[in-house]
Each structure stands twice: as structure tokens, then as C-alpha cells.
Amino acid sequence: MTTGSVAPDDVDTAVATEEQTALAARLRLVVGRLHRRIRIDGRESIPPLQLSALVTVEEHGPLRLSELARREAVTAPTMSRVLASLDEQGLVIRTPDPNDARGVQIVLSDAGAEVLREVRSHRTALVARRLARLDAEERRRIVDALPALEALLVDDD
């Protein structure tokens, strides 16, 4: 190889990286916009952070406020306000922490579980209506892509 020339493998890698970056940007845009449309069309009566906190409590509870704040990537004071609202609505229950007499753990109430069922049902119906607008081939391609999309949800270690 002469000085200043680019090896074919380097060109292939650069093209592949550009294609992967373009794919990542396109996927990010479509997933973000679809999520936004679902959220807007859903018209839930519960704000996004409260809804997210309910889901986290459902999946990982019982949780202390500090753990919930960490999982939601918000400050403890912010999470305290979120929990106060959820508690006021009867969507969570504060129970004594068996490991710390001064602390409490947050669990999902039956009403909170019902709110999550309703939101999920409504959002699923919204997506189903959008899927119904596609032709059979487009829906088949989405079905074929689901395993790869689900693999994207696996966190890096």
C-alpha cells in the first residue's frame, strides 16, 4: 500500500459505519415519533413521569423512594413530589420498610394496577389502528423485524 492510500477494508468499514449511523438516526426518529404520537393520542390523565414511576414500581417494587428516583433518573425531591401525587390519587401504597424502621417502601395499589392496564390497553388499541392501515406485506415485515427490535432492548453490561 502506498502512502496516502486507503485500504479497501477501511473503505468498507467507513461505508458500513455511515450506513449504520444513518439506520440508527432513521430508527431513532421513527420510534421517537411513533412513541410521541401514541402518547399524544392516548390523552392519559396521568403525566409521563408518574406513569413511568408506576411502571417501575410494578416491575421492581417494592422500592424505596431513593431507589425509584435512581431508576427514573430524577432527584429524590422530584420523586417525592411524584409519589405524593400518586399517593393522593391512591395509585401507590407506602408500606414500612422491614429493613429500616424510618423508611418506607412503595408498592402499586390495585387502583394503580388498573390505571396501568387501562393505559396499556388504550395504547395497544392505538397501535393496532395504525397497523390496520398497513398492507399485509408491511405488517409481515414488522413481524419479521420484531426479534431484532426486541434485541435492541437488552442493556449493555
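The values are calculated or read from the model by the stated rules, or taken from the named source; none is laboratory data. Source: prediction; values computed, not measured. Methodologically, a virtual Cβ is constructed for each residue, glycine included, from the backbone with ideal geometry; neighbour enumeration extends over all protein chains shown. The protein model used for the area step is the full one, side chains on, heavy atoms only, and it has no ligands, DNA or RNA in it. Shrake-Rupley method; radii C 1.70, N 1.55, O 1.52, S 1.80 Å.
Here is a yes/no grid of residues against (1) at pLDDT 95 or above; (2) of a type in the set (Gly, Ala, Ser); (3) out of contact with any Gly (no Cβ under 7 Å at 6 or more places or on another chain):
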{"site": "103", "(1), (2), (3)": "no, yes, yes"}
{"site": "111", "(1), (2), (3)": "yes, yes, no"}
{"site": "122", "(1), (2), (3)": "no, no, no"}
{"site": "127", "(1), (2), (3)": "no, no, yes"}
{"site": "134", "(1), (2), (3)": "yes, no, yes"}
{"site": "137", "(1), (2), (3)": "yes, no, yes"}
{"site": "142", "(1), (2), (3)": "yes, no, yes"}
{"site": "152", "(1), (2), (3)": "no, no, yes"}
{"site": "156", "(1), (2), (3)": "no, no, yes"}
> Any residue in the range 107-117 that is in contact (Cβ under 8 Å) with a residue 12 or more places away in the chain, part of a helix (DSSP H, G or I) and of a type in the set (Ser, Thr, Tyr)?
Replying inline: no
>> Anything in the range 51-77 that is in contact (Cβ under 8 Å) with a residue 24 or more places away in the chain, open to solvent by less than 50 Å² (accessible area, probe 1.4 Å) and more than 12 Å from residue 108 (Cα to Cα)? List them, or say none.
In response: 65, 68, 74
> With respect to the numbered conditions (1) out of contact with any helix residue (DSSP H, G or I) (no Cβ under 9 Å at 6 or more places or on another chain); (2) more than 23 Å from residue 36 (Cα to Cα); (3) assigned to a helix (DSSP H, G or I), which one is the sole condition not fulfilled by residue 66?
Replying inline: (1)
> Among (1) surrounded by 15 or more Cβ atoms within 10 Å (Cβ to Cβ); (2) more than 30 Å from residue 99 (Cβ to Cβ), which single condition is residue 16 missing?
Replying inline: (1)
> Do the conditions hold for residue 103, that is, is it open to solvent by less than 40 Å² (accessible area, probe 1.4 Å) and closer than 17 Å to residue 54 by Cβ?
Replying inline: no
> If a residue has to be open to solvent by 80 Å² or more (accessible area, probe 1.4 Å) and either under 18 Å from residue 26 (Cβ atoms) or of a type in the set (Phe, Trp, Tyr) (or both) to count, how many in the range 131-152 make the cut?
Replying inline: 3
>> Taking the condition of being open to solvent by 50 Å² or more (accessible area, probe 1.4 Å) and part of a loop (DSSP other than H, G, I, E, B), how many residues in the range 78-91 meet it?
In response: 1
>> I'd like the full set of residues that are surrounded by 13 or more Cβ atoms within 10 Å (Cβ to Cβ) and either within 13 Å of residue 52 (Cα to Cα) or of a type outside the set (A, V, I, L, M, F, W, C) (or both), limited to the range 119-129.
In response: 119, 122, 123
> How many residues are assigned to a helix (DSSP H, G or I) and within 19 Å of the chain's Cα centre (by Cα) if we restrict to the range 143-157?
Replying inline: 7
